[in-house]
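Below is one structure, written out as structure tokens; comments come after it.
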Amino acid sequence: MKKKRTVNQSKARKNNHEEKFESMVKEYQEAKTLLDSMDEGSDEQQKQQRLCDNLFAKAEKFFKQHN
């Protein structure tokens, strides 16, 4: 009788978390690039700055939870 092959679920979860974190970082980097190209002091720049801060905070929180 063959042994049942089990899939290491923690490894699969880890890979999934890494992919999600990478996508969060990519989204932040795109927003940061757009922010750097904007004029300082404008309303759009301030909105983009808040968006970048929020994206960074989410990524940081996600990393701390799944590290």
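The values are calculated or read from the model by the stated rules, or taken from the named source; none is laboratory data. Here the structure is a predicted model, which is why all the values come from computation and not from measurement. With ideal geometry, Cβ positions are generated from the backbone for all residues, glycine too; neighbour counts draw on all protein chains shown. Note: accessible area is taken over every heavy atom of the protein model, side chains too, but ligands, DNA and RNA are not part of it. Shrake-Rupley method; radii C 1.70, N 1.55, O 1.52, S 1.80 Å.
Values for this structure:
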read-out	value
FRET efficiency, LYS3 to GLN65 (Cβ-Cβ, R0 25 Å, nearest 0.05)	0.15
Value in Å of the Kirkwood radius, where the chain supplies the Cα pairs that are averaged	14.2
Rough spin-label spacing in nm, given labels placed 7 Å along Cα→Cβ, for GLN45 and GLU19	3.9
PHE56 versus ASP36: modelled label distance in nm, points set 7 Å from Cα along the beta carbon direction	1.3
Mean separation of Cα contacts under 8 Å (6+ apart) over length of the chain, as relative contact order %	36
Most to least accessible of ASP53, ASP36 (protein chains only, probe 1.4 Å)	ASP36, ASP53
